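Just below is one structure, and these are the notes that go with it.
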Amino acid sequence: MPSLPTERQQQIASFLHSELRKRGSAPTQREIAERFGFASLNSVRSHLRLMEKKGMLNRLPGKARGLKLKYRPPVGIPLLGHVAAGNPQIALQDSDEIVPVSPELFPGSELFALRVRGESMKNAGILPGDIAVMNRQSEVADGEIAAVLLDDEATLKYLYRPNGTVILRGANPAFPDIVIRSNEQRSVQILGKYVGLIRNQRSPR
């Protein structure tokens, strides 16, 4: 019995589906490599071979765009766990759960979702129980909302970087800024940029 698609294989299938719908033809292996940052075409070919074995696609030999998708990716955005809108908490985890909304409603090419805990972003309209939609990227502009991994804990905050200092600021005066100075030995990694919200109807307004 074939194994289930990996997250990356599902992402490639979603990219194929999107390109076929927009252009009427499949992307080339080079376009797939550029889209996902693969260092070589061998990495693309390896994924495509495994996807073919799993029954996700057919490859037509000798054709640059000879990929025929058999697998229909689930419509939605992967929910990867929760994020603290308050004090940072251990939050991110792999999940097979899909939020059943169209990715086309949000800007970004590599979307994921996080369920919000805490009230530090409530004045930005982000409430406990809401689902924050993020675009996976490693940089954001000053003043944008980002999901940030601080050491091993994740939080959702406005991000500022004056003079090499990192400031994580909430949208609730009850929560003080988190300040990481350049001489502190702490790991700060941007996981993604906040691009939208899915309201939990039970959230307080």
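The values are calculated or read from the model by the stated rules, or taken from the named source; none is laboratory data. Just so we're clear, the structure is a prediction, and the values are computed from it rather than from any experiment. Note: ideal-geometry Cβ built from the backbone for every residue, glycine included; neighbour counts use all protein chains shown.
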**OP:** Would you mind finding the one in SER109, SER120 that is assigned to a loop (DSSP other than H, G, I, E, B), within 20 Å of the chain's Cα centre (by Cα) and either aromatic (Phe, Trp, Tyr) or under 20 Å from LEU191 (Cβ atoms) (or both)?
**Re:** SER109
Original post:
Based on what the data block shows, is SER46 assigned to a loop (DSSP other than H, G, I, E, B), surrounded by fewer than 16 Cβ atoms within 10 Å (Cβ to Cβ) and not assigned by TED's automatic domain parsing to the domain that holds GLU110?
Top reply: no
Original post:
Which residues, taken from the stretch 2-26, are of a type in the set (Gly, Ala, Ser), part of a helix (DSSP H, G or I) and within 18 Å of ALA64 (Cα to Cα)?
Top reply: ALA13, SER18
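Yes or no, residue by residue, for (1) under 21 Å from THR6 (Cβ atoms); (2) surrounded by fewer than 13 Cβ atoms within 10 Å (Cβ to Cβ); (3) of a type in the set (Val, Ile, Thr):
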position	(1), (2), (3)
SER102	no, yes, no
ASN123	no, yes, no
ARG136	yes, no, no
LEU156	no, no, no
**OP:** Check whether at least one residue in the stretch 127-143 is assigned to a strand (DSSP E or B) and among the basic types (Lys, Arg), and report yes or no.
**Re:** yes
